[in-house]
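Peer 1: One structure, pasted below without further comment.
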Amino acid sequence: MKGDPKLIECLNGLLASELTAINQYMVEAEMCENWGLAKLGDMEQKRAITEMKHAETLIGRILFLEGLPIVSKLNDIHIGAEVPQQFTNDLAAEMTAVRGYNAGIELCVKLGDNATKEILEGILKDEDAHVDQIEEQMDRVKKMGLQVYLGTQM
């Protein structure tokens with residue numbers, strides 16, 4: 001099924017965001033593991049795996065629409081040197097993704113592509129959950145203090 005070029009371009013933009021997030025989260029997961037923060041590292045790794053599944057879904061949809069998935073393009077990756085900066089960077093990445101998926105859904109509505117719209121809505125739910133998870137961790141740091149919070153992540 002031949003897809004609209006604007007939609008394929010949009011999907012490739014979303015794919016770039018997902019591929020960027022995978023790299024960012026995997027590096028942060030390894031940093032946390034190296035710092036002895038196994039719980040936090042595991043959380044980051046699980047988020048990266050979810051993003052991998054999103055990338056796989058987007059690649060499949062692009063191919064279905066007879067487009068060419070662009071996997072060589074990444075957005076800027078922002079790795080924080082400390083946990084609070086990682087949270088800030090991760091939240092910014094997720095908020096960018098949420099905006100991108102909302103725009104993609106709007107485009108699907110405009111083009112009458114309900115199947116792609118449903119796919120993007122499913123991914124958007126995961127991205128919203130990521131935002132919630134990161135904001136929850138930031139709130140814990142604020143309430144507990146960084147050192148106590150980090151102690152709970154060992």
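Taken together, the values in this text are just the output of simple stated rules run on the coordinates, not laboratory data. Only a predicted model underlies this, so the values are computations on that prediction, with no experimental measurement involved. Positions of Cβ are generated from backbone atoms using ideal geometry, with glycine treated the same way; all protein chains shown enter the neighbour counts.
Peer 1: Among LEU58, LEU146, LEU120, which comes first, second and so on when ranked by fewest other beta-carbon atoms within 10 Å?
Peer 2: Working: LEU58 25, LEU146 13, LEU120 28.
If I rank by nearby Cβ atoms, fewest first, I get LEU146, LEU58, LEU120.
Peer 1: In the neighborhood of CYS108, defined by Cβ-to-Cβ distances under 10 Å, what is the net charge if each Lys or Arg adds +1 and each Asp or Glu adds -1? Numbers along the way, then the final one.
Peer 2: Working: positive: LYS110, LYS117; negative: ASP4, GLU106, ASP113, GLU118, GLU121.
Computed value for this residue: -3.
Peer 1: Give me the dipole magnitude in Debye, nearest 20, for region 5-152 about the Cα centre, with unit charges on the beta carbon: positive for Lys and Arg, negative for Asp and Glu.
Peer 2: 120
Peer 1: Given the Cα-Cα distance of MET52 and ALA92 and 0.36 nm per residue of separation, how much length would full extension add, in nm?
Peer 2: Details: separation 40, 0.36 × 40 = 14.40 nm, distance 1.84 nm.
Full extension of this stretch gives 12.6 nm more.
Peer 1: Using Cα pairs under 8 angstrom and six or more residues apart, how large is the relative contact order of the chain, in percent?
Peer 2: Contact order relative to length: 29 percent.
Peer 1: Report the Cα centroid-to-centroid distance between region 103-154 and region 55-83 in angstrom, as an integer.
Peer 2: What the calculation gives is 17 Å, centre to centre.
Peer 1: Using only Cα atoms and rounding to the nearest 10 degrees, what angle (0 to 90) does helix 38-64 make with the longest principal axis of the chain?
Peer 2: 10
Peer 1: Rank these for me by crowding, SER17, SER72, going from fewest to most other beta carbons within 10 Å.
Peer 2: SER72, SER17
Peer 1: Tell me the label-point distance for the pair MET1, ASN34, using the 7 Å Cα-to-Cβ offset, in nm and rounded to one decimal.
Peer 2: Going from the MET1 label point to the ASN34 one covers 4.5 nm.
Peer 1: What do you get for the angle between helix 83-111 and the principal long axis of the chain? Use alpha-carbon atoms, 0 to 90 degrees, nearest ten.
Peer 2: 20
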